[in-house]
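Following: one structure in structure tokens, then a few remarks.
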Amino acid sequence: MDKAQYNVRPPRVQTDEEMRQVQHIMQEFSQLQLWRNNFATQWEEVAQLVLPTSRNTFMYGSYNTPGEKKTDKQVDATGMMALARFAAICDSLLTPRNMTWHTLEADDEYVMKDRATKLWFEKTNRRLFKLRYAPMGNFSAQNQQVYQSLGAFGTCALFMDKFIGQHGERGIRYKGIPLGELFLRENHQGLVDGFIRWFKLTAQQAFQKWPDTFPEKLRPALEACSQTPYNFLHHVMPRDDYDPQRLDHKSMAWASTYVCVEGLSILEEGGYNTFPIAASRYEQTPGEIYGRSPAMMVLPALKTLNAEKRTFLVQGHRAASPVYLTNDDGIANMSMRPGAMNPGGVTADGKSLVHILPTGEIQISKEMMQEEKGLINDAFLVTLFQILTESPQMTATEVVERATEKGILLAPTVGRQQSEYLGNVIPRELDLMAQMNLLDPMPPRLREAQGAYSIVYTSPMSRQMRAGDVAGFWRTVDQAKDVFAITQDPAVMDEFDFGTAIRSSAEINGAPISYMASAEMKAGKAQARAKAAQQEQAIRAAPAQAALNSSQAKQAQAGLIQPPQ
């Protein structure tokens, strides 16, 4: 793009209303920065130890030279590895790619009895998963970044918007917003209802995105092809002048405004029908908007482990390359070369004149480090997933019991993400699908119910929360077996409907439906068993029947009975 193309459009003059709006956004941004600074300081400490790629990104105006070294503060990598495992745990429990981790259904059970409604929800859910995991959406990578932010800093956010490709492809694009760029606000109910995102663009990038409203203050940098990044804000909040009857952006419930900080000008005004981000917190302290993370809870242990690792390395270095003690008039310039000879190192009677300086007990350092590592892995939920591998020789009942215990421990923390994170992701996705006409027309009965729907989670996390039902059933079966062993009364087992219990157990344990027999297959198996039983009974009765026939033939021959007709 040459300079002549840069000067095609005349400079745009900001109206008084727009200038007041920019001033209001900048004032709000200043307040949100002030109330976030304490968190930013803690996040910087955490990033140094568990997520160094996020270092120096939490303060407004910060800049990192591309390729800058980020791991110079790390001595021990336990925290970083635990964070990666935490993200993998969250992904496997909440949003595993290899399974359908949620379904949709109508709020009203009566509506769900309608076959057309069932088929509509099934097709919609299948289409949603196809869009979500399409390459253009990049959900998996961005979702992993969200879980990393949750584990490291306790707050995460995923941005969702329509994707329209150069060749007309339609889909949903996802973007995990780095926490350093995000400034949140809450409403009176404690729900995140607005945000300001701070980001940087070069003058060329800004001109590509907003050629009609490009700020004049950046034009010299544009003409010079400068690669200096400039500051921009994306402000989203509930609209005060919302009017659903209008045909412009004021018919949308959330107002969206892009502002150039250097030029103090509005670049774009728009809106969203639904809140465009899904923000979630790991744990919240009363009176705080941002969450607190596992890494923040064990920050003392992370710092202690880093210090202990330094001591351990010093001790190990001294043990491998020790400090020698010699007499002040003894051997000098001792050679450490392999095979070297050092005259004067011993007395005439063989007593050593050179000694090694004691280095302390290195084993103590290892034990101290192991204790801190245990605390860190506990906080990041890593140890919960070592339960089943520690005792591989377990019965099925014991496995169910362990899974139940794990579900109980995980439910209060990871379970929150279903409501606060995924509970906002899915409605936003469905709204985007509706805007792009990717939803089939609703069946009449669902339309009468105004499309009211619920999300049913079928992820491993949800199954583990239901594992108590399975564990309770099999505990009762074990007790009934003990009663049968004492009384020898088989009627004890008549209390159980094993068919229903096994089907429910398979569902909770995540067995694929294709692995389970259909009603027709079960009927065929029952008929085969009945036929086999009849054949076995006939085979067993054959010798007795043959003996009876032989006896009757002999009696008839002797005239004792009438021969069979």
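The values are calculated or read from the model by the stated rules, or taken from the named source; none is laboratory data. Computed from a prediction, not measured in an experiment: that's the story for all the values here. Reconstructed Cβ throughout: ideal geometry from the backbone, glycine too, with neighbour counts over all protein chains shown. Each accessible area value is taken on the protein alone, full model and side chains, heavy atoms only, with ligands, DNA and RNA left out. Shrake-Rupley method; radii C 1.70, N 1.55, O 1.52, S 1.80 Å.
Based on what the data block shows, is ALA157 part of a helix (DSSP H, G or I), touching a helix residue (DSSP H, G or I) at 6+ places or on another chain (Cβ under 8 Å), open to solvent by less than 50 Å² (accessible area, probe 1.4 Å) and at pLDDT 95 or above? In short, no. Can you pull out every residue in the range 223-253 that is of a type outside the set (A, V, I, L, M, F, W, C), under 19 Å from TRP198 (Cα atoms) and open to solvent by 30 Å² or more (accessible area, probe 1.4 Å)? Scanning the range 223-253 gives GLN227, THR228, PRO229, TYR230, PRO238.
Results for (1) in a strand (DSSP E or B); (2) without any contact (Cβ under 8 Å) to a residue 40 or more places away in the chain; (3) aromatic (Phe, Trp, Tyr); (4) on the phi > 0 side of the Ramachandran plot, shown as yes or no for each residue.
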residue	(1), (2), (3), (4)
ASP161	yes, no, no, no
ILE196	yes, no, no, no
LEU218	no, no, no, no
ASP241	no, yes, no, no
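Listed by first and then second residue, the pairs with beta-carbon distance under 8 Å, at least 6 apart or on different chains, first residue in the range 413-425 and at pLDDT below 85, second in a helix (DSSP H, G or I), are VAL414/ILE89; VAL414/CYS90; VAL414/LEU93; VAL414/LEU94; VAL414/MET461; GLY415/MET461; GLY415/MET465. None of PHE39, PHE58, PHE121 is within 16 Å of GLN148 (Cα to Cα) and either in a loop (DSSP other than H, G, I, E, B) or open to solvent by less than 50 Å² (accessible area, probe 1.4 Å) (or both) except PHE58. Residues in the range 295-353 that are within 30 Å of TRP43 (Cβ to Cβ) and outside any helix (DSSP H, G or I): VAL298 only. Is it fair to say ARG12 is basic (Lys, Arg), open to solvent by 50 Å² or more (accessible area, probe 1.4 Å) and closer than 23 Å to MET237 by Cβ? When the stated conditions are applied, ARG12 does not pass them.
Criterion applied to GLN204, GLN145 was being assigned to a helix (DSSP H, G or I), in contact with a strand residue (DSSP E or B) (Cβ under 7 Å, 6 or more places away or on another chain) and surrounded by fewer than 22 Cβ atoms within 10 Å (Cβ to Cβ), and the one residue passing it is GLN145.
Yes/no matrix, rows are residues, columns are (1) of a type in the set (A, V, I, L, M, F, W, C); (2) in contact with a Gly (Cβ under 9 Å, 6 or more places away or on another chain); (3) modelled with pLDDT of 95 or more:
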residue: PHE214; (1), (2), (3): yes, yes, no
residue: THR228; (1), (2), (3): no, no, no
residue: ARG246; (1), (2), (3): no, no, no
residue: ILE277; (1), (2), (3): yes, no, yes
residue: LEU305; (1), (2), (3): yes, yes, no
residue: SER321; (1), (2), (3): no, no, no
